[in-house]
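Report on the following structure.
The values are calculated or read from the model by the stated rules, or taken from the named source; none is laboratory data. Keep in mind it's a predicted model, so treat the numbers as computed, not measured. Here Cβ is always computed from backbone atoms with ideal geometry, including for glycine, and neighbour counts include all displayed protein chains. Keep in mind that these areas ignore ligands, DNA and RNA; they rest on the heavy atoms of the full protein, side chains included. Shrake-Rupley method; radii C 1.70, N 1.55, O 1.52, S 1.80 Å.
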Amino acid sequence: MSKKLLIPLVKPSDAETVRAAGCEVLAEYPNSLLALATDKQQKSLESAGIETPELTDQAIQVSGARFAFATAVEANKSAPIPTDLQRTTYYIVKLIGPIKGEWLTAIKAAGAQIHVTLAGYALLVGMQPSVAETLKQQPWVEGISRYRPAMKISPELRPGLERDLTINHLAAVEAPTDPADRAQVEISIFPGESTEAVATEIRKSGGFVISSTPKVVTAIISRQTIIAVAGQEGVQSIIPHQFPHLHNDKAAAVMEAPADREFADITIRGDNQIIGIADTGLDSGDPATIQADFAGRVNQIVSWPNQY
């Protein structure tokens, strides 16, 4: 049985030695070769002083869950998903090894949009089904699997489920035992898709939409509605949501400040103080375009990257 080896090229002659041993070269990199080799060929290379580390197959990880790509393929066989040939469909594209720039260029040139790079040398891609059929023929594509509804739902929203998903977990999402059970969730939408269809489904099912932006819908919905929403092609992920809570209960202890904030005969309350903050991502250096939370409240901005 052949195995994938990511062989470092130490000497200029190493590449020829790999080919002479009969290994099938799958991809060439600046300082290494990805090759298929039998046990006999691997031993031959090692005898020639060449390192032969095996390329391990990592699990795909999405929405807080993980699964083997082969498991996703089997789920597609056991429970195929109907495909609308007239719209963008979402797929996991498994590549043969470390991703090369020319492969990404070819995927985009074929008319596909790459949304996320995943563990296991995989990509989450949106494309027409006909484009997926074309990409399957590329020698650097190991396989393509539908991005299934079960992959979109966080395991935290599927009671009793661990992070590692089996074929049965991927094939279908189990109906809740208590239809009235509800959860507060954040539903992410693929770029170019509309959140309106998601919001409509939630309201129709008796759920409550907390907020909606072009990319995310936050809502309180039943577990049954989670399944229905996950079935919408344009949905990327459904994860638990909680309102943020601001905490600053550690700073005083770190600074060893007295509980009553009294130093000698002075009580420190922060009134009429001028402060300086060094941070990233706050602004572009122009007070007119500062982040809205700070607008009108800052005397001076210095954006260091813009000074050079």
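Structure above, values below:
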{"item": "Cα-based Rg / Dmax (Å) for the range 148-216", "result": "13.4, 35"}
{"item": "Inter-label distance, nm, simple model (7 Å from Cα along the C-beta direction), Ala119/Val298", "result": "3.7 nm"}
{"item": "Highest-fluctuation residue, Glu74, Glu186, Glu16 considered, GNM on the chain with Cα pairs under 10 Å", "result": "Glu16"}
{"item": "Among Ala122, Ala253, Ala132: highest mean-square fluctuation, GNM of the chain, C-alpha pairs under 10 Å", "result": "Ala253"}
{"item": "Per-pair calculated FRET efficiency, R0 = 25 Å: Thr289 and Lys250 via Cβ, rounded to 0.05", "result": "0.20"}
{"item": "For the range 35-84, the Rg and Dmax computed from alpha carbons only, in angstrom", "result": "17.9, 53"}
{"item": "Isotropic mean projected area of the C-alpha convex hull, the range 94-252 (nm²)", "result": "12.7 nm²"}
{"item": "Fully extended contour minus Cα-Cα distance, from Glu262 to Asp164, at 0.36 nm per residue", "result": "29.9 nm"}
{"item": "Inter-site label distance for Ser78 and Ser194 at 7 Å from Cα along Cβ, in nm", "result": "3.6 nm"}
{"item": "Neighbour net charge for Lys136 - beta-carbon separation under 13 angstrom, K R +1, D E -1", "result": "0"}
{"item": "Accessible-area composition of the range 15-62, carbon plus sulfur, in percent [1.4 Å probe]", "result": "44 percent"}
{"item": "Structure-derived Cα Rg over 2.2 N^0.38 Å: which label, when the choices are (i) 0.97; (ii) 1.36; (iii) 1.05", "result": "(ii)"}
{"item": "Estimated FRET transfer efficiency when R0 is 25 angstrom, pair Asp57-Glu133 (beta carbons, to 0.05)", "result": "0.55"}
{"item": "Accessible solvent surface per residue of the chain, calculated while the other protein chains remain in place, 1.4 angstrom probe, Å²", "result": "60 Å²"}
{"item": "Lysine pair number, Cα distance threshold 17 Å (strictly under), the chain, separation 8 or more or different chains", "result": "15"}
{"item": "Dipole moment magnitude, nearest 20 debye, the chain about Cα centre, only Lys, Arg, Asp, Glu C-beta charged", "result": "980 debye"}
{"item": "The range 1-152: mean projected area of Cα convex hull, nm²", "result": "9.8 nm²"}
{"item": "Whole-percent carbon and sulfur share, accessible surface of the range 144-300, 1.4 Å", "result": "52 percent"}
{"item": "Of Glu46, Glu156, Glu262, the one that fluctuates the most in a GNM where the chain has Cα springs shorter than 10 Å", "result": "Glu262"}
{"item": "Cα centroid separation - the range 39-74 against the range 135-210, whole Å", "result": "28 Å"}
{"item": "Quarter of the Cα convex hull surface for the range 191-283, i.e. its orientation-mean projected area (nm²)", "result": "10.7 nm²"}
